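Inspection log for the structure reproduced underneath, given as structure tokens.
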Amino acid sequence: MPTPHSVAEPASTALTEIEQALTRITYLAGRARQHERLMAESGLTLDRAAATILTHIAGSDPPRPGVLAARLSVEASHVTRQLRQLERAGYVVRVPDPDDGRAQRVQLTETGLVAAERMQEVRRRGMELALSAWPAGELRQLAGFLRRLLDDFVTHTESDLDAGPPARDAGERRT
């Protein structure tokens, strides 16, 4: 007969398992070996940073470089350097921002769009292989949970950034 402790797992244990799984997935997806496979299978020769930037541009309306840097949590100068390389290689162009004539947005060229689509196809095939034994209903459920998790992370992160650093307890010591 199950005990009360075995019936309901404490939330903190589940949260720890989720955090560990997400950390491991992020690590596996970001490894150099994974990037090399992605480049080999897509027929491209982009470095990891350039591939990441290209993927982010492809997944949204043409962003301003500063917005792109904020999304990627990197310095704007890093994004600017990568964008120059992507421009020279013919993957992106800078276009005037329709909302502010002084600003620019970054847009994929036809070459950039093809490259982003190739990378997306390779990633999709990898995901398909990894999840091939999952029933369709569970895949839809996972997709829903992941969208919800992402939305909640964005909401929480945005509100944390707007609120500033967390307040200290009166009795908390500074180190």
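The values are calculated or read from the model by the stated rules, or taken from the named source; none is laboratory data. Everything quoted here is computed from the prediction, not taken from an experiment. In this analysis, Cβ positions are derived from the backbone assuming ideal geometry, glycine residues included, and neighbour counts consider all displayed protein chains. Please note that ligands, DNA and RNA were not included when accessible areas were found on the heavy atoms of the full protein model with its side chains. Shrake-Rupley method; radii C 1.70, N 1.55, O 1.52, S 1.80 Å.
Among the candidates Leu38, Leu46, Leu15, which residue alone is of a type in the set (A, V, I, L, M, F, W, C) and open to solvent by 90 Å² or more (accessible area, probe 1.4 Å)? Sole residue among the options that is of a type in the set (A, V, I, L, M, F, W, C) and open to solvent by 90 Å² or more (accessible area, probe 1.4 Å): Leu15. Residue check: Met39 meets all listed conditions (1) modelled with pLDDT of 90 or more; (2) over 22 Å from Glu121 (Cα atoms); (3) aliphatic (A, V, I, L, M) but one, namely (2). Criterion applied to Arg118, Arg102, Arg124 was being open to solvent by 30 Å² or more (accessible area, probe 1.4 Å), among the basic types (Lys, Arg) and more than 18 Å from Leu38 (Cβ to Cβ), and the one residue passing it is Arg102.
With respect to Ala58, determine if the residue is touching a strand residue (DSSP E or B) at 6+ places or on another chain (Cβ under 9 Å), open to solvent by less than 60 Å² (accessible area, probe 1.4 Å) and small (Gly, Ala, Ser). Yes. Each residue in the range 131-156 was checked for being assigned to a helix (DSSP H, G or I) and under 18 Å from Ala21 (Cβ atoms), and 14 pass. Evaluation of Arg148 against the conditions (1) at pLDDT below 95; (2) under 20 Å from the mean Cα position of the chain (by Cα); (3) open to solvent by 50 Å² or more (accessible area, probe 1.4 Å) shows that the sole unmet condition is (1).
In the range 68-99, of all residues being of a type in the set (D, E, K, R) and under 27 Å from Leu150 (Cα atoms), the one that is most open to solvent (accessible area, probe 1.4 Å) corresponds to Glu75.
Being modelled with pLDDT of 95 or more, small (Gly, Ala, Ser), over 30 Å from Thr45 (Cβ atoms) and open to solvent by 70 Å² or more (accessible area, probe 1.4 Å) holds for only one residue in Ala133, Ala170, Ala163, and it is Ala133.
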